Amino acid sequence: MISEGDRVLLVDPRGKRYLVTVEERKFHTDLGILDLGELIGTPYGAKIQSHRGETFTALKPDINDIIAKMKRGPQIVHPKDAGIIIAYAGISPGDTVIEAGAGSGALTLFLANAVGPMGRVISYEVRKDFYEIARRNVELAGFSDRVVLKNKSIYDGIDEEEADHIVLDLPQPENVLPHAVDVLKPGGYFVAYTPCMNQVHRFFRALEEFKGEFMKPRVVEVLVREQEVKRECMRPKTTMLSHTGYITFLRKL
């Protein structure tokens, strides 16, 4: 049942979505005014009508809904890349993940959702303005119980003694390798997300100093092409989400 203070995703007849907090108040849309208090005590999937007679559906928001509606600062890591990071690294409930380059906090939220309430995400962000945006977005998602944000540079060192995985969205991930060797558990993954090919080359050159510490690295790029399905024709859409970054996976021996 929906309780006062819960966050709810309202979907209007056009499919437009609104992320709201349920309380005794009026919510204004271009399709009319809603009384959010009517949702208290109703199940998810309940309908609510505006004063103009337009019907809205109340759904429980998932992590993608929250990220779609959160405040943005720098460019976020897309779900297509976050998903393969979590899958290829085997990030699981209860894991401790060290992240750096929190930015707006999108990848932070994906990781926090994966590790669950018994896991931890410790995220380093050197810029104070990005740190504040990420902090607010973590609170919006309700993940303050499992995310620790630090306004400092991971290039200067890692405070934690050990971690199951390390995930970086930084210009120079090779600068973290000396710290990661001491902190990363055997079998854990070091993941570097970098947009440019020369960054991957530079990372591989730095990796030569750590022979025997990691298994053979794996580099992937994820492309997503949606399909347009009509009664008379199915074809690829004319636009697609192509290159966003290269993702390098290292597994600690």
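The values are calculated or read from the model by the stated rules, or taken from the named source; none is laboratory data. Source: prediction; values computed, not measured. Quick reminder, even Gly has a Cβ in these numbers, built from the backbone with ideal geometry, and neighbours come from all protein chains shown. All accessible areas refer to the heavy atoms of the entire protein, side chains included, with ligands and DNA or RNA removed. Shrake-Rupley method; radii C 1.70, N 1.55, O 1.52, S 1.80 Å.
Of the candidates Val138, Val183, Val191, Val126, the single residue that is modelled with pLDDT of 95 or more, within 17 Å of Pro74 (Cα to Cα) and over 14 Å from the mean Cα position of the chain (by Cα) is Val126. If the condition is being of a type in the set (A, V, I, L, M) and either touching a strand residue (DSSP E or B) at 6+ places or on another chain (Cβ under 7 Å) or not in a helix (DSSP H, G or I) (or both), then segment 125-139 contributes Val126, Ala134, Val138.
The residue list Val126, Val138, Val148 contains one member that is surrounded by 21 or more Cβ atoms within 10 Å (Cβ to Cβ) and of a type outside the set (Ser, Thr, Tyr), which is Val138.
Residues checked against (1) farther than 13 Å from Glu99 by Cα; (2) touching a residue at least 12 places away in the same chain (Cβ under 8 Å); (3) open to solvent by less than 10 Å² (accessible area, probe 1.4 Å):
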{"site": "Pro171", "(1), (2), (3)": "yes, yes, no"}
{"site": "Pro178", "(1), (2), (3)": "yes, no, no"}
{"site": "Val181", "(1), (2), (3)": "yes, yes, no"}
{"site": "Tyr189", "(1), (2), (3)": "no, yes, no"}
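Six or more apart or on different chains, Cβ atoms under 7 Å: show the pairs whose first residue is in segment 87-100 and on the phi < 0 side of the Ramachandran plot and open to solvent by 30 Å² or more (accessible area, probe 1.4 Å) and whose second is in a loop (DSSP other than H, G, I, E, B) and among the aliphatic types (A, V, I, L, M). Once the first residue is on the phi < 0 side of the Ramachandran plot and open to solvent by 30 Å² or more (accessible area, probe 1.4 Å) and sits in segment 87-100, its partners that are in a loop (DSSP other than H, G, I, E, B) and among the aliphatic types (A, V, I, L, M) give Pro93/Met118. Considering Glu232, Glu208, Glu221, Glu228, the condition of being without any contact (Cβ under 8 Å) to a residue 40 or more places away in the chain and closer than 17 Å to Val77 by Cα is satisfied by Glu221 alone. Under the condition of being of a type in the set (Val, Ile, Thr) and surrounded by fewer than 14 Cβ atoms within 10 Å (Cβ to Cβ), which residue from segment 20-38 is farthest from Leu59 (Cα to Cα)? Top of the filtered list is Ile33.
Going through segment 54-86 one residue at a time, which ones are open to solvent by less than 40 Å² (accessible area, probe 1.4 Å) and in a loop (DSSP other than H, G, I, E, B)? Listed by number, the residues that qualify are Pro61, Met70, Pro74, Ile76, Val77. Residues of segment 217-235 that are open to solvent by 50 Å² or more (accessible area, probe 1.4 Å) and touching a Lys or Arg at 6+ places or on another chain (Cβ under 9 Å): Arg218, Leu223, Val224, Arg225, Glu226, Gln227, Glu228, Val229.
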